[in-house]
Each structure stands twice: as structure tokens, then as C-alpha cells.
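These notes are about the structure you will find just below.
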Amino acid sequence: MPTTERTEQVSSHHDLPVHEVVLLLETDPAAGLSEPQARDRRSRFGPNTLPQTRSAGPLLRLLRQLHHPLIYVLLVSGVVTLVLGERVDSTVIFGVVVVNMIVGFVQESRAEAALDALRAMVRTEAKVIRDGTQRTVPSADLVPGDLVVVEAGDRVPADLRLVRPAELAVDESALTGESLPVTKDEAVLPPATAVADRHNMLHSGTLVTSGTGVGIAVATGAETELGEIHRLVGSADSLETPLTRKLAWFSKVLTVVILALAAVSFGVGVARGESPVEMFTAAVALAVGAIPEGLPAAITITLAIGVARMARRQAVIRRLPAVETLGGTTVICTDKTGTLTENQMTVCAVWTPGGSYEVSGAGYAADGAVLSEEGTVMTAEAAPAPLRSTLLAGAACNDAALTSRDGRVEVVGDPTEGAMLVLARKAALAGVPARVATIPFSSERQYMATLHEDTGSYVVFAKGAVERILGLCTAQLGPDGVTRPLDAAAVQREAETLAAQGLRVLATAMTRVGDCGAFTEDALRGTLVFTGLQAMLDPPRPAAAAAVRSCRDAGIAVKMITGDHAATATAIARRLGLLDVGGGVLTGAELAALRDEEFPAAIERTAVFARVSPEQKLRLVEALQARGDVVAMTGDGVNDAPALRQADIGVAMGKSGTEVAKEAGDMVLTDDDFATIEAAVEEGRGVFDNLTKFIVWTLPTNMAEGLVILAAILVGSALPILPTQILWINMTTAVALGLMLAFEPKERGIMLRAPRDPHRALLTRGLMLRIGLVSALLVGGSWWMFQWELGAGASLEQARTAALNLFVMVELFYLFSCRSLTRSMWRIGLFSNRWILGGVTFQILGQLAITYVPVMQRLFETAPIGTDTWLRVLGVALLASLVVAIDKRLRREIL
Ligand code: ATP
């Protein structure tokens, strides 16, 4: 896209009257753009998404594949062999470099494309007026000039100049850090107004907390204020993970070691009077042999397969390192509502001063009734004043709506509010007075209040957390409709009793006011009259208890962090088994009172954090991380973003989460379900296992190849295997055999192990010993084979062909053993990974080709071998796998 068109978008619009903005952006303030106009602008301005800061173009990314110390060694070897006139050798070496480059490039592009596609899955929609009608479009499709409609709960999808705000308040903390909602109007502002004070603008990424509004999109995508910040702070999303960093370090060390060995062997040979050309070929053989060429591709592919497997289980990975980190998670901090529970609220009890009521019927359908203690069906009309007012407050102080789809009632908006509407329907409440102002609900405020006009006077309704509402009341409504002094202790007692049953309890209150003058939080304090309590059931998710248990078996602590009341949270936690192992409960207030030095111990013993604010989540993550924990933290609100970013795995909610939270998360749960986190951890462990298996499988070959060559040089023997043959082994076996390990199913009992220590070395001592053992078997076997064949009168080519086939066969048998690091290959079943069987067939055909096809014989300097040689090859390979099997039996605990 031409940059001039991009800059066209960048201009301030807060200092222009609406009609000028309309002219400037060639739009219509009532009908919006037409579809053709929108399409045209979409192709000019591009999608309304924040760009992935992709650091390089395709050519550069292709060339970047060469930027690897091990590849440098190959390149130098290729050039020198070319200079020495070894055309075939240098062609094969360069061929390997090119193949590597292409495989690396394709893998990287595919992994990036897959991540992009997954990111696209979690994008949101926006309401827009085009051709005079309102419709919903993916927010990526918004263009400058679009007339965008926003309402409470929406994330602003682009930078908008307001045309028609209606009591609009916006939480701009994502952009400005200001945590209190800002009210908006359309008045023109001076040009120098700072972003935070542009009250006639709505900025992309901010959250509408109340009211509605219509605005003209003046900037989209990267040109928005959010895009600006993204550009400043957004580090390029790279495909680097802790593991790839470790491996990069490993390859650097390996390169130095290989070069040193090659130089020494070259020096020793030449000093002994061998020809420098031959010695150089030998040094090249050593170098190319010891380089694990297939490693980088295998890692990206294994991670990519992990991403796909997680997506199938509803966990969308947004950043590749998460795949790997997930496996090492030691603590999961999870929300309650919607994650551990269904977030399908049903009011099942109502308590008022003077009467308690039971409510029948489950879900959002209105078939059910409000029953008095005597079993009388109560209607709003005939109800005592406190019940009627409680129903009315719940229904009036409410932004949700009930719709019906396919005969089923659904809630649009907050399920808590939906439940209150359903209750009102069950009691046949007829209508609510018109609303004139709102103090919106927020997690910090924990209540909501609305002002209504009612036959000439005004009435305030409020609902929210019991202690917050009681804090605003000094009186309560008596059964006779007369106001009495508040008996807060009695209300609290009742609320505790209901909460202890796992019910979410909200209090309602109201008051009549003479005018609509001061409708603020301060003005409300002390003026409200308590009317009653509504207690709602939010059943735990069916899979949650099992997932919590599975996490515990896997050594992962689960901590519930909720905005809900401690008693409700405790009851639900108990039902889910969260408190089984003796964890305690702490409230946000208690947390705030803790001294810094008390904090770590307190969070360790606590399993339930109740009435916690989003800011406290950040402090919790930091404290856990300071103890060395690897923390997965869930979140959905705009204010959760800092904690999500700080956590090792930020888990955002796909259904109920704000776009801001999703952008901050490393992983998005498309079903919001806690069990999905557990599934993702399990997959993460599987990915890490498969990577380890590949490394344990591939390294012995490289070590053995290097050592065989080194031995040949040191004793002055002919090379048992040539550089080109080594490249053949390394490349074909990596692709046909090693890569198949990436498809290996997860091992049984993977969630019964303790989490991996993030600081632990990649390979345990046990695994290193196994690598050493297999290397020794390969060195011994191939050396013996080579010398035996020569002694038996075979040609040099035939002896080398035998050694080459021996290497491949030992690797092939060893591959089956590497399918599990601890269990014997017979136990996991020979046929449980069909990919491996395909790869093995392919490899065997390859070996027959390199041994018997004349072109291949010329290229790789091989010669046909007889059945007796094959039998010896297979014999050694079998023997080697027997030794590995015994080693496995003797040392099970090597992980
Ligand atoms: P989590 O998802 O972390 O478990 P939560 O949904 O329980 O959190 P919040 O949404 O922050 O927590 O709600 C905190 C408290 O605010 C609730 O316990 C309830 O008392 C009150 N509350 C929740 N929703 C509303 C609402 N729409 N209006 C008024 N008060 C509300």
C-alpha cells in the first residue's frame, strides 16, 4: 500500500466540526458509506488490524536461513571442495544447503501463516451503518469514513470522531492509563488537545462502559492511536522460543567444537605426511557429519504440529513460545465465572426484609415461578413492596436483553443481568420506567446504578455486590412499604448463608429523588434504601472438577481468582476440589493489607482469592514468578491485559473476553473452559517430549559420524564413510525417520509427571548417557563392519556402502526405541504411529536406491552389496537396539 495513502489517514479530527469531517472523509453522517465505497477503501487502506511487525521480506527471510553457524561450516566446506575440484562433493554439499534453506523458509512461513490464521480466528465484529442500514461486519473490514455504532461493553474498533453520543462513557485505560471511565460528547476541541482529553473522539482498543454512540471512523489499523502505541512497544512476534534459543547456543558451541576437531585432525594427518587434499576431505566429512542439519526444521515442525493439536482442543496459540512454555506450567490462576463455571446464571432465591422466596425453573426460559415460603405463587403486581422493588431494581438497572433463537431464550449482554430479567419475567413484571442516566458496572466499582423518570419524579435503582450496596444505604424497605433503619448485620448474615451454598448474591436498592441533578457516586452515598437480595446459581462446568484433579496429579497448583464474594467462591472451589489439599481463602482487602514480606508465603497457601481487583492480579503473577513459578493466568477484561502480559502464559477468553485481553494473551480459549487450559498443558508437554525424542534420536548419529572420521584420521585408515554419504544419511533420515516423531501421540501418564523445571538443561544426564551409548554402538558397529568387509575382500566402495547402510539401519531401529523415552518399544505398540511406518518404508527404498541404482552409485560412490552383508548389517542393528532396550529397562527414571 502506498505510504501516501496511509499518511492520508493521519490527521487530527477532534478540532473539526462534524460536517467538515464528513466532507473530508467523503461520507454521509446518516447513511454511512455505500458498499462499493467501502470495498474500494478496503483495498486502498488495507484491513483494520494491527500489523504483525514482520521484520523482513521473503528474500531476506530466505537468506536468513543461511545465518546459522553450522551452515557457515557447510558453505565453507562446499567452496573449498569446489576449489579442490571435487565437483560432486561440492554439488551435494550446496544441494544440502539449498534444501535446508528452502525447508527452513517454508516451515517458517507456514508456522507464521498458521499463527496469523489462528489470530484471525479470534477477531471481533463491529456494528456499522452502510447504505443506510446497520449491519455487523468483521472489525477488520472497517474503513475510514465508515459510520460505526458502539454500545456498552463494546471495544471501540477504530478511531472514531463522535457524531451522536448518548451518555457515552469509555474506559480508556488501555490507551491512557486513566482507570476511571471518561464521558464523551461531540463538541469541537482546540487543535492542541492531548489524546487523553479528546472527548469527542473514541479510540480504538478502548472499552465502552455505558451508553451508546455513533462515530465516523477517521483512522483504522496501524494509523489509530492504539496502532501508534503498538508500533512503539510491539516487539516483533518472533518464532523464537526458549528452546530454540537454547539450541542456537548449543549449535554455536557445537560449531566451535567441530571446527576445532576438524582443524586438529587436518593438522595431525598432514603432519603424518598424508595429502592435504585428502585430509581436507576428511575434515569436511567430520564437519558435515557432526552437524545436525535436520534439527531446526524438526523443531519448527514439531511446534507447528503442537499448535494445530491445541487448536483442535479449543486452545488457540497466539505466540509460538507458549506451546513450549505451557508444558512447564507450575501454577494456573483462573477466573471463576465462565471459566470454572458455566456463566449461565439463574436466580433461585430472593430474600427481602420480611420474606424469603424460592424461584423455580432453570436456565433462561421463563417457565418457573417465584414462590413464597408457604408455596404461594408471587406476581410482581401482588407482591409485597420489598419483593416488587427488588424485581424492579433488577430489571431496570440492567443493560442485558433477552432474545429468542430457535425457540430458546438467549441473553444478549451480561448473564448476571440476564438472570435478573428472567426473574422479572417469571414474576410477570410489566415494564420499567424510562432511564435517563447510568453509573455503569465495573469490576472495581462492583455495582451499577441507574436514574429513571417516573411520572414526573425521578427514581434511582442500584444493584451490585452486597457490601457495596449496603455501603450506599442507610435504610431498608419494610414489608408494608415503609422505610426503616437498615439492619446491615441481618442482611449480611442472610447473604453469607446464600453465598455459602455457592450462589452469587447481589443486593438491590432504590430511592426517589426530586430532580435529576446530581446523579453521582458521591451523591448516592447514604441515600439508598435496601430492598432485597437476589441469589443466583451458576453451575460448575462439567469437566472442570476432573481438570482440576488432573492438574493436581500433574503437579500444577490451581488458584481461583475471582471478583465474586469469598463465601460464593469458597463454596464453588470446594465443589471443584480446589480446597481439597488444604489451600486457604484470601480476599482482595486482606491481600492489600499484607506486608511485602508476608506476601509470598500467603499466596502459596491460598487457593482462592475473592473480591480481587484486576490490579491485584498483576501483583499475584509477579509474586508467583518471583518464587520461580511458571504462571498461566486467565483474564477477559481490558484491565486484565497487564496481568496477561506479565504471566508466562496469558490465557484470554475467546467468547467473553475483550479484544484487548485477547491481544494481550499468548493463548485464547475459544470455549472459555478451564478444562481447555489443562488440555493445552497436556499438549504442551507432548510437544516438548517429541522435541526431546528427536534430539535424543538425532544426536548419536552426528556424534558417531564425527567420531568415526576422527578415528580414521588418527589411525591413518581410509574413511569408512564419505562426506556426501554422510549428508545423505543426515538429510534422508531426518526427513523420513526423525520428523515422524513429531506426530508421535502423547505418552500415557504424561499428566502424572511433575512439571519440567524451566531452568533445567534440555537433556538430563540419563538422556546424555543414552546418546553416548548409541554413539558408541554406532562407532563400534560401523568401524567393525567397514574393516570386516575390507578383510573379507570387498572393495572400498562396498565396505563404505555397508557402513552407510549400517548407520541408517541402526538409526531406523533406534527410532522405534525413541518413540518413548522410558517405555519399551513393544509396550507402545509398533503400529501406533503410522507416519513412522510410512517413513521407514521410504527410507528402506532410499537405501536400496543408493546401493543398487547406477546414477546414485556414481553420485555417492557406492557399490552393490550381497545378502550376507545385509544380514550382518541387520544383525548389528538388532544387537544395538537390544542394548538400548536393556539400558531403558535398567534406567527408567531418566526424564
Ligand atoms: P471472575 O470472572 O473473575 O470470577 P466475576 O464475574 O465473579 O469474576 P466481577 O464480574 O468482577 O467478578 O463481579 C464482581 C462482583 O460484582 C460480583 O460478585 C457481583 O456482586 C457484582 N456484579 C457482577 N456483575 C454485575 C452487574 N452486571 N451489575 C452489578 N453488579 C455486578
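No lab work stands behind these numbers, since they all come straight from the coordinates. All figures in this text were calculated on a predicted structure; none of them were measured in a lab. Backbone-built Cβ (ideal geometry, glycine too); neighbour counts: all protein chains shown.
Overview of values
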read-out: Gyration tensor over alpha-carbon atoms, the chain, equivalent ellipsoid semi-axes in Å; value: 66, 33, 21
read-out: Cα-based shape type of segment 346-537, given that a ≥ b ≥ c are square roots of the gyration tensor eigenvalues and the cut on a/c is 1.5; value: rounded
read-out: Residue (of GLY205, LEU537, GLY517) at the positive-pole extreme of the chain, dipole from beta-carbon charges; value: LEU537
read-out: Estimated vicinal HN-Hα couplings, Hz - segment 476-486 in sequence order (Karplus 6.51, -1.76, 1.60; Gly, Pro = x); value: 9, 8, x, x, 8, x, 9, 7, 10, x, 6
read-out: Given the chain, longest segment not containing exposed loop trypsin sites (Lys or Arg not before Pro) (DSSP; at most 10 other Cβ within 10 Å); value: 1-594
read-out: Magnitude of the charge dipole, segment 346-537, Cβ model with Lys/Arg +1 and Asp/Glu -1, debye to 20; value: 80
read-out: Karplus-derived HN-Hα couplings along segment 35-48 (A = 6.51, B = -1.76, C = 1.60, θ = phi - 60°), whole Hz, x at Gly and Pro; value: 4, x, 4, 5, 4, 4, 5, 4, 6, 7, 9, x, x, 7
read-out: Sorted by Cβ density within 10 Å, fewest first, the residues GLU324, GLU20; value: GLU20, GLU324
read-out: HN-Hα J in Hz across segment 712-723 - Karplus 6.51, -1.76, 1.60, θ = phi - 60°, x for Gly and Pro; value: 4, 5, 5, 8, x, 8, 5, 5, x, 7, 8, x
read-out: Three-way shape label, segment 504-564, alpha-carbon gyration tensor, a/c 1.5; value: prolate
read-out: Which of SER275, THR325, LEU261, positive extreme of dipole for segment 261-348 (C-beta unit charges); value: THR325
read-out: CD proxy at 222 nm, helix term only [per DSSP H run n ≥ 4: -39500 (n - 2.57); per residue of the chain; nearest 500]; value: -15500 deg cm²/dmol
read-out: Cα-centred dipole magnitude for the chain, charges only on beta-carbon of K, R (+1) and D, E (-1), debye, nearest 20; value: 3240
read-out: DSSP bridge orientation in the chain - percent antiparallel, rounded to nearest 5; value: 75
read-out: For the chain, with +1 on Lys and Arg beta carbons and -1 on Asp and Glu, the positive-most of MET310, LEU33, ALA140 along the dipole; value: MET310
read-out: Folded to 0 to 90 degrees: helix 867-890 orientation relative to the chain principal axis, Cα; value: 40
read-out: Non-local Lys pairs in the chain, i.e. 8 or more apart or on different chains, that have alpha carbons under 17 Å apart; value: 8
read-out: Net charge dipole size for segment 446-597 [Lys, Arg +1 and Asp, Glu -1 on Cβ; Debye, nearest 20]; value: 520
read-out: Neighbourhood charge, 9 Å Cβ-Cβ cut-off, centred on ILE332 and excluding it, Lys, Arg +1 and Asp, Glu -1; value: 0
read-out: Total formal charge among the other residues, if their Cβ is under 15 angstrom from that of LEU874, Lys/Arg +1 and Asp/Glu -1; value: -2
